[in-house]
Amino acid sequence: MRAMRDARESGAAAKLLLLGNARVRTASGADLPLTGMLALLAGYLATSTTRGRRRAQIAEQLWPDRDAEQARGSLRNALSRLRGLGIGVATDGDVVALEYAPADIGQLADAALSPVDAETAMALASPFLEGIEAPGSEMHDWLVFERARLRTLAQRALTLASRAASEQGRTAQALATASLLLTLDPCRERSHRLLMRLHAETGDRAAALRQFRECRDILKAELGVAPSEGTQALARELAGSADAAPALAPNPLAPPAPAPERPTETARHAQGFRLSVAVLPFVHDAGDPDQRFLAEGIADDITTALTRHRDFLVIARPSSLRFSVAAEAARDLGVRYVVTGSLRLGAGKVSLSAGLVDEVSGRHLWAVRHEGAMADFFALRDRIVAELTLGLDAEIRLAERERAASKPPANLGAWELFHRGLWHAYRFEPGEIERAQACFSRAGEIAPEFALPHAGLAYVAVLHMALLMERNTQAGIARGLAHARRAFELDPSSPFVLMMLGRLRVLSGDVASGFDLLNLARERHPSYAHVHYCLALSHHAAGEPALALESAEMALRLSPRDPLLPMFLTAKAASCYFMDWLEEAERGAREALTIRRDDPWASMVLALTLAETGRGEEARALLSGAGGMMPGVQPADIWPMIARTVPLAGRARAARALSLIGLAAPGEPAA
């Protein structure tokens with residue numbers, strides 16, 4: 001009772017904290033624990049994406065073993081206890097909501113975008129509602145989903161904090177922060193590579209190689225794969241000499257991989273495809289037949305949308321309907337990836353969640369939740385299906401790229417070589433792009449009638465120009481067009497092929513034809529984020545920044561975790577710059593640079609914005625070549641970069657901005 005009295009006296013100053021052990025922090029700094037149903041209730045209310053949850057929904061989910069009246073009584077009692085602890089709870093008719101968001105979850109969301117100090121990042125990495133178990137299968141699914149979502153944010157926050165600590169010379173904090181990443185996901189190679197580099201920076205090469213061996217052993221034991229080429233290349237670089245080769249040798253004590261089970265007939269059919277997925281029936285309120293039909297309809301729409309991807313094997317709905325457990329479906333249907341989800345309707349609202357599981361490794365790869373008004377159900381359904389389809393497609397392909405990059409080159413077929421090539425290309429580094437080109441070329445040799453490797457080579461040609469690896473623009477365009485045309489001859493329906501041919505035609509000056517191809521790709525595949533990104537770039541080339549902004553924002557909405565995320569943000573920032581929205585332009589460019597620090601195009605947009613807002617010294621520092629944020633880009637490169645991508649009307653403005661910081665465009669005097 002005394003704790004409740006202290007909390008009441010704290011009033012609105014009390015803070016709700018749900019990461020780690022759930023608790024309320026009073027104005028005096030005392031922590032009052034939340035346990036059991038109180039913690040679950042606070043967490044359930046805190047994670048609503050709309051303004052609160054219905055009483056009946058809360059009561060049914062948290063007290064599933066009680067009748068409706070008993071459950072509502074338990075809810076009233078729990079809400080009274082939360083208020084007694086100083087937590088503001090508001091009611092509006094049948095809807096219950098928190099008056100303010102949990103302090104630590106909001107802080108974690110911010111830390112995933114902009115680095116915080118290492119101690120803060122580590123404190124925010126604790127599991128959501130640690131030690132709490134949920135009653136009933138639906139609450140269990142909700143808790144698993146929220147923990148996965150917040151764990152992803154924690155990984156981003158820890159990575160940013162570790163890099164920032166390293167840049168500031170606080171190596172011990174950088175190492176501690178990076179080590180915590182591995183407790184969140186021991187199989188995450190990016191975390192192992194970060195630790196390897198940090199150990200190397202301290203001069204402890206032996207520790208860096210021990211980290212590699214630990215990564216190798218975990219991946220073999222848990223996933224049955226070797227480290228990716230990027231991880232192995234880093235290990236070879238750190239070993240540095242032949243006498244270090246034993247450190248990279250296979251571990252003779254590692255347990256052998258388990259013998260595979262005999263596949264079913266469906267499983268044997270699935271082996272002919274690289275991307276195999278089953279969409280299970282979505283969980284719904286069993287007492288309401290309308291929910292059952294709507295839930296089945298959404299799952300069916302997702303299945304149909306995925307079948308439009310010709311490289312996917314999607315199990316037909318009649319087969320998937322027999323299963324409710326992901327592991328059983330994966331085993332009996334012979335698929336690697338399983339989609340699960342749930343749908344709830346009530347009080348004028350609709351709530352849908354979905355997740356993707358790699359059943360071979362047992363890892364939850366992705367989770368998403370949407371809520372909205374029931375009156376907009378059909379519009380919401382279309383948006384949900386589109387976003388889920390794209391999200392599933394992106395996450396499955398990301399997992400496939402990582403798997404392809406982990407296999408020895410001798411074992412790669414054309415399909416895996418193509419995905420390995422994308423894995424290298426998405427590093428956006430000259431050496432990696434050359435490796436991507438080798439993968440695409442080898443894939444084309446193995447399967448000459450396979451369109452995607454040719455489109456991959458066209459993409460390499462574009463990257464060569466974008467990263468100034470190719471100084472002869474016309475030669476680069478001609479080379480890319482040749483590959484893109486061949487890909488189009490082989491498969492004129494592929495969105496990747498249409499996108500590359502359309503992009504290169506715009507670059508060649510054939511703007512109308514390029515837009516026709518890009519718009520065709522968008523019409524056929526409206527959820528393919530990269531098409532919207534290419535449309536943004538093409539609208540820039542046509543001098544249409546408002547349309548470019550619309551396309552860039554659509555790409556960001558459709559694929560917020562995309563490998564091209566910095567490029568999406570830069571396209572948006574450039575649109576804002578040419579629309580004279582300088583504050584938004586600066587914000588977007590800086591956000592892109594937090595993800596990819598040396599991105600030359602984001603640096604360019606930021607420098608132009610800074611020049612126009614009177615911060616010339618900072619702009620000059622950005623464009624200072626090897627010492628700035630654009631290493632490898634010299635002052636003489638800056639105007640060709642602008643001239644290649646900016647229409648005539650925009651070039652005059654960019655030239656004026658450059659002149660403000662003493663960098664004159666050809667034929668223009670410096671200010």
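Every number here is computed from the coordinates shown, using simple stated rules; none is lab data. This is a predicted model, so every value here is computed, not measured.
Key figures
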item: Region 514-556, relative contact order [Cα under 8 Å, separation at least 6], %; result: 38 percent
item: Taking region 168-219 and dividing mean pair separation by its residue count, relative contact order in percent (alpha carbons under 8 Å, at least six apart); result: 33 percent
item: Rel. contact order, % - alpha carbon contacts under 8 angstrom, at least six apart, region 417-493; result: 28 percent
